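Working notes for the structure below.
The values are calculated or read from the model by the stated rules, or taken from the named source; none is laboratory data. All values reported here derive from a predicted model rather than from experimental measurement. All Cβ positions, glycine included, derive from the backbone under ideal geometry; neighbour counts span all protein chains shown.
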Amino acid sequence: MTGSVTRSGARRILITGGTSGLGLAVAKKLARHHKLLLSGRKSQIEMAGALPRGAGYIVADQRDPERSTEVLLRGIRDFGWDSLDNAVLNAGVGFAPADGLDGPEAIRETLDVNLVAAMLQAQALFPLLAKSRGTLTFIGSVAHTGSATFPAYAASKAGLHGLARSLRSEWGGRVSVQVLHPGPTKTDMHAKAGHDPGRMRALFLEPGDVAAMMASAIASRRSPVTLSWLRYLSGGAYLGRRL
Amino acid sequence: MSAGQGHAAGRKPGRALVTGGAHGLGAAFVRRLLAEGCEVTVLDKDPAGIDTAQVDFIRCDLASRESLDRTLPDLVTAGPYDLVILNAGINATGRFEDISAEAHLEILRVNAEAPMVIASRLLGTGAFTPSATLGFVSSLSHFTGYPGGASYAASKDVLAVHAKGLRAVAARKGVGITVAFPGPLRTAHAERHAPKGADASRRMDPDLAAIQILADMLSGRKTSVPGRATHAFAIAGRLMPRTVTALMRRLIYRRLVC
């Protein structure tokens with residue numbers, strides 16, 4: 001009984017940046033009941049064995065937004081999908097410049113990966129999502145209101161927040177658009193960004209808990225949703241809707 | 001809406017840089033600064049509309065990374081500045097899915113990436129005089145959302161929040177940051193992107209907006225929201241974000257796509 005319910009309720013879900021961090025954590029969470037297609041910068045060989053069971057994988061480097069968008073579209077088609085129930089545009093990169101000023105390369109890479117790629121992919125995936133009245137999820141950050149430690153990263157996430165706000169209004173009734181803002185999580189994001197949070201890291205949430213909150217926020221289709229301690233303590237990782 | 005940053009009110013800038021100074025609000029800034037006896041450097045794609053005898057003109061297409069990288073050293077040497085206004089902006093309106101990917105990309109490059117790169121470089125190279133002002137021109141859309149101009153709205157949010165993140169490092173260098181959030185202005189830019197038949201007389205006079213924004217920048221305010229209607233909209237957008245975005249959809253998006 002459960003098996004047949006699961007199969008008929010299985011959704012086609014694309015997750016970008018699905019090879020590590022929150023992307024991989026949410027993929028693991030959703031893999032039990034849904035069909036997944038993940039994308040990331042790592043090669044097929046590196047990802048062999050690291051993917052959740054049954055998930056497909058596309059190598060797409062978001063640092064080249066136009067090319068990665070083409071590659072994703074082709075990968076979805078080659079996987080045999082002609083529609084999407086969910087797209088989770090999660091790929092992200094951040095830098096913590098030593099003097100508080102990002103150089104041109106860091107600014108450009110941050111915007112390309114976090115915002116431009118997400119924007120072009122939102123546009124390219126729209127017809128696939130519209131076919132199934134699906135949900136487009138941008139993964140923002142609680143830093144979207146501004147940060148002196150990660151100025152360009154915070155700015156790129158503000159861009160996603162604003163893009164989601166306007167697109168949600170434009171696409172109302174056709175595709176649900178939402179932005180989720182996770183708080184600091186125990187992933188390798190900070191180490192990659194060149195920032196040591198020190199003892200503060202003890203206060204970061206576990207990736208599995210944030211992934212659980214992401215999954216229920218995705219099911220709720222609401223926007224914007226902040227995923228931090230406040231939501232965690234009110235049961236966000238255990239209560240709420242299931243996708 | 002704003003707080004002082006310790007600048008002398010009514011200060012007169014000696015040397016200023018205005019990006020996108022050939023047209024619209026940028027040209028209004030330039031007119032006002034020249035009238036006050038300021039030396040002005042204008043960066044724009046094309047000198048048409050500019051009296052190059054009156055200003056230093058630097059040609060640069062902010063949509064091109066190569067063009068900006070070539071220009072950055074000249075921008076630094078043309079300083080140090082008392083006032084820099086990162087004003088250049090472009091737009092494309094309509095259904096998000098119908099606007100070309102190239103246009104969306106260009107909007108983010110010109111409106112967000114280029115001013116971020118310029119601001120970081122100027123702050124990093126000491127291209128400001130003591131107690132100078134760095135001004136960013138964002139948009140009222142930061143408070144209201146902008147269905148029909150989603151990539152424009154995103155770009156202006158990027159700019160506003162980047163400016164906020166730079167405040168502390170700029171203050172350590174003695175530079176104050178002001179972010180301006182103008183609403184619809186009576187410019188050719190607005191005319192091109194507003195719904196057909198929209199009433200232009202209700203848009204603010206760009207010269208008036210420029211005067212108010214400059215006054216806010218030079219008195220060290222953190223933000224500048226010129227005009228009463230713009231101010232009211234910004235507050236409403238903060239208090240009732242969903243309602244105001246829905247109103248923007250009715251006022252703009254529905255009329256753009258009909």
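Looking at segment A:159-243, what helices (runs of 4 or more DSSP H) fall wholly within it and have at least 1 residues that are touching a residue at least 24 places away in the same chain (Cβ under 8 Å), small (Gly, Ala, Ser) and closer than 16 Å to residue A:25 by Cβ?
Correct list: A:207-220.
Tell me, please, whether a residue that is at the interface with another protein chain (Cβ under 10 Å from one of its Cβ atoms) and touching a residue at least 40 places away in the same chain (Cβ under 8 Å) can be found in segment A:126-137. Explain how you work it out, then say what you get.
Filtering segment A:126-137 down to residues at the interface with another protein chain (Cβ under 10 Å from one of its Cβ atoms) leaves A:126-127, A:130.
Checking which are touching a residue at least 40 places away in the same chain (Cβ under 8 Å) leaves us with A:126, A:130.
Yes, there is a match, as at least one residue in segment A:126-137 is at the interface with another protein chain (Cβ under 10 Å from one of its Cβ atoms) and touching a residue at least 40 places away in the same chain (Cβ under 8 Å).
Just one of the numbered conditions (1) out of contact with any Lys or Arg (no Cβ under 6 Å at 6 or more places or on another chain); (2) away from chain A (no Cβ under 13 Å) is not true of residue B:81; which one?
Only one criterion is unmet by residue B:81, namely (1).
What's the total number of residues in segment B:197-230 that are under 24 Å from residue B:163 (Cα atoms), of a type outside the set (Val, Ile, Thr) and assigned to a loop (DSSP other than H, G, I, E, B)?
So the count comes out to 6.
Determine whether segment A:55-67 contains at least one residue that is within 14 Å of another protein chain (Cβ to nearest Cβ), free of Cβ contacts under 8 Å to residues at least 60 places away in the same chain, surrounded by fewer than 16 Cβ atoms within 10 Å (Cβ to Cβ) and acidic (Asp, Glu).
yes
Please enumerate the residues belonging to segment A:70-114 that are part of a helix (DSSP H, G or I) and either more than 30 Å from residue B:166 (Cβ to Cβ) or without any contact (Cβ under 8 Å) to a residue 24 or more places away in the chain (or both).
A:70, A:71, A:72, A:73, A:74, A:75, A:76, A:77, A:78, A:104, A:105, A:108
Which one of these does residue A:84 not meet: (1) touching a Phe, Trp or Tyr at 6+ places or on another chain (Cβ under 8 Å); (2) more than 23 Å from residue A:187 (Cβ to Cβ); (3) surrounded by 23 or more Cβ atoms within 10 Å (Cβ to Cβ)?
(1)
Report the residue count in segment A:94-116 for those that are over 21 Å from residue B:107 (Cα atoms) and β-branched (Val, Ile, Thr).
Here the count works out to 0.
Sort out which residues of segment B:2-37 are at pLDDT below 70 and surrounded by 13 or more Cβ atoms within 10 Å (Cβ to Cβ), and write them in order of number.
B:2, B:5, B:7
So, residue A:147, is that one among the hydroxyl-bearing types (Ser, Thr, Tyr), within 10 Å of chain B (Cβ to nearest Cβ) and assigned to a helix (DSSP H, G or I) or not?
Here the answer is no, as residue A:147 does not meet what is asked.
Quick test for you: out of B:198, B:229, pick the one residue that is of a type outside the set (Asp, Glu), over 14 Å from the mean Cα position of the chain (by Cα), surrounded by fewer than 23 Cβ atoms within 10 Å (Cβ to Cβ) and at pLDDT below 85.
B:198
Quick check: anything in segment B:37-52 assigned to a helix (DSSP H, G or I) and out of contact with any helix residue (DSSP H, G or I) (no Cβ under 9 Å at 6 or more places or on another chain)?
No, there is no match, as no residue in segment B:37-52 is assigned to a helix (DSSP H, G or I) and out of contact with any helix residue (DSSP H, G or I) (no Cβ under 9 Å at 6 or more places or on another chain).
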